[in-house]
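Enquirer: Starting off with a structure, shown below.
The values are calculated or read from the model by the stated rules, or taken from the named source; none is laboratory data. Fair warning: this is a prediction, and the values are worked out from it, not measured in the lab. When we count neighbours, we look across all protein chains shown, and the Cβ atoms used for this are built from the backbone with ideal geometry, even at glycine. Remember, those area values only see protein heavy atoms, side chains included, never the ligands or the DNA or RNA. Shrake-Rupley method; radii C 1.70, N 1.55, O 1.52, S 1.80 Å.
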Amino acid sequence: MRSISRRNFIGSSAALGLGLGLAACSSDDSSSSESSSGTDTSSSSDASDENLSRIADDDMISAAKEDGQLVVYGSCEEQHVAACCEHFQELFGIETSYQRLSTGEVESKIEEENGNPSADVWFGGTTDPYNVAVNKGLLQAYEAKNASHLISDVYRDADGYWYGIYKGILGFFYNTDEIDRLGIDAPQDWPDLLDSKYQDLIWMSNYNTAGTAKLILNTVIQKYGHDEGIQYLVDLDKNIAVYTKSGSGPSKNVGTGECTVGIGFLHDAIYQIVDNGYNNIGLVIPSSGASYEIGATAIFNGATHQNAAKLWIEYALSPQCVERAQEVGAYQFLVIDDAKQPQVATDYGLDPDNVMDYDFEDAKENTETYVSDIMTALANSGTNTDDTSRFQTE
């Protein structure tokens, strides 16, 4: 596979995904905006230097090639999804198309399609919405061979409905220029965010659309208990300026100063510093302990391209896939035992082991209920939860 510069790749993948919606990945930057029917898949023959046996045996690869196509819904960042789809197509000659959607959008879309999903696999995004999908029968169990390379059983569904590929650390980030201009300190822990000095300065994501917001919700409830946690979030709402559609939304606006304090994944803020040159962003790991996501992948129940979908899962659980992330500025820690970790995350003080004991089972059983509870509580508090200027859905 030939090397693609990060900035050129991001530009081409944005045009690919945003311009066409559901677009085919291509090994040629100049043809990235063409339809999948015009894609040259012969590049798979140039992948002889790749250790395909680490991914799957010849029989599995041959069966997947007979499917000929794969459709991916990606809930990590656009460039991350595009990089992995392009590489999968290069390796195996399988026409691979993708669409980037938030986890909430994916869950809603697949539920509406009622057993006839328009995509085969889901890639990226935190597991809380995946577990909602499991409970609704939207995902298909598959026992992956390469699950043996996960560093812990924590990073998989016990029944094989999803598998972890990365670990993202939840925290706060802030615009240092704005904090200095206002003469206030940056928050160091969750209680600090309730201080009135942060009124209209904090951004986070929308509980209805973003897996990140669901993780925040579950984290707070696990820290404080249900009733106190819901009340905390109602009190926090008084300081929230914007609830973005996607979990990465706050990080994309903090460097410009539009967002002064954001709640989200610290790897997204590191991307803004390292790749976009915003040196005015500070990072905060909550002093009482950071929460974390497991970014996952799964097969949709009723997927059209079954063999290609299974090969995708095996590919996703390999260094060949997960190491694509850091090449395009996605700096989550990896949960595959033979994968190279992104050094930049450690350089900025992140530690994958310095996290709270997150209760994934509670989240699996109760996330939908908790979302309903917080939205009801916010509505009862007088918040206009239909205000699209604050609760963004586009």
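Enquirer: Filter the stretch 119-164 down to the residues that are assigned to a helix (DSSP H, G or I) and among the polar types (S, T, N, Q) and list them by number.
Expert: Scanning the stretch 119-164 gives Thr127, Asn131, Asn135, Asn146, Ser148.
Enquirer: Looking at the stretch 361-384, which of its residues are open to solvent by less than 60 Å² (accessible area, probe 1.4 Å) and not polar (S, T, N, Q)?
Expert: Asp362, Ala363, Lys364, Tyr370, Val371, Asp373, Ile374, Met375, Ala377, Leu378, Ala379, listed by residue number.
Enquirer: How many residues are over 25 Å from the mean Cα position of the chain (by Cα) and part of a helix (DSSP H, G or I) if we restrict to the stretch 366-386?
Expert: Residues that pass the stated criteria total 5.
Enquirer: Scan (1) open to solvent by 10 Å² or more (accessible area, probe 1.4 Å); (2) aliphatic (A, V, I, L, M); (3) over 14 Å from the mean Cα position of the chain (by Cα) for the single condition Ala119 breaks and write down its number.
Expert: Here Ala119 clears every test but (1).
Enquirer: Another one. Among the candidates Gly282, Gly302, Gly295, which residue alone is in contact (Cβ under 8 Å) with a residue 12 or more places away in the chain and at positive phi?
Expert: Criteria check complete, one pass: Gly302.
Conditions (1) within 25 Å of the chain's Cα centre (by Cα); (2) open to solvent by 40 Å² or more (accessible area, probe 1.4 Å); (3) at pLDDT below 50; (4) over 14 Å from Ala308 (Cα atoms), marked per residue:
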position	(1), (2), (3), (4)
Ala14	yes, no, yes, yes
Ala23	yes, no, yes, yes
Ser26	yes, no, yes, yes
Ser30	no, yes, yes, yes
Ser45	no, yes, yes, yes
Leu70	yes, no, no, no
Ser75	yes, no, no, yes
Gly93	no, no, no, no
Glu105	yes, yes, no, yes
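Enquirer: Would you mention how many residues in the stretch 319-347 are surrounded by fewer than 16 Cβ atoms within 10 Å (Cβ to Cβ) and closer than 26 Å to Gly289 by Cβ?
Expert: Final tally of qualifying residues: 4.
Enquirer: If Tyr243 passes every condition in (1) in contact with a Lys or Arg (Cβ under 8 Å, 6 or more places away or on another chain); (2) surrounded by fewer than 22 Cβ atoms within 10 Å (Cβ to Cβ) but one, which one does it miss?
Expert: (2)
Enquirer: Determine whether the stretch 287-294 contains at least one residue that is more than 30 Å from Lys65 (Cα to Cα), touching a helix residue (DSSP H, G or I) at 6+ places or on another chain (Cβ under 6 Å) and open to solvent by 10 Å² or more (accessible area, probe 1.4 Å).
Expert: Scanning the stretch 287-294 turns up no residue that is more than 30 Å from Lys65 (Cα to Cα), touching a helix residue (DSSP H, G or I) at 6+ places or on another chain (Cβ under 6 Å) and open to solvent by 10 Å² or more (accessible area, probe 1.4 Å).
Enquirer: Check Val154 against each of (1) β-branched (Val, Ile, Thr); (2) more than 22 Å from Gln392 (Cβ to Cβ); (3) surrounded by 16 or more Cβ atoms within 10 Å (Cβ to Cβ) and name the one condition it does not meet.
Expert: Only one criterion is unmet by Val154, namely (3).
Enquirer: Would you point out which residue out of Ala290, Ala303, Ala308 is over 16 Å from the mean Cα position of the chain (by Cα), at pLDDT below 95 and among the small types (Gly, Ala, Ser)?
Expert: Among Ala290, Ala303, Ala308, only Ala290 is over 16 Å from the mean Cα position of the chain (by Cα), at pLDDT below 95 and among the small types (Gly, Ala, Ser).
Enquirer: Now for a separate question. Only residues that are part of a loop (DSSP other than H, G, I, E, B), crowded, with 24+ Cβ neighbours inside 10 Å and of a type in the set (A, V, I, L, M, F, W, C): list them for the stretch 197-237, please.
Expert: Within the stretch 197-237, Ala210 is the sole residue that qualifies.
Enquirer: Right, something else. Give just the number: which of (1) open to solvent by less than 20 Å² (accessible area, probe 1.4 Å); (2) closer than 30 Å to Asp58 by Cβ does Gly262 not satisfy?
Expert: Evaluating Gly262 over (1) open to solvent by less than 20 Å² (accessible area, probe 1.4 Å); (2) closer than 30 Å to Asp58 by Cβ leaves (2) as the failure.
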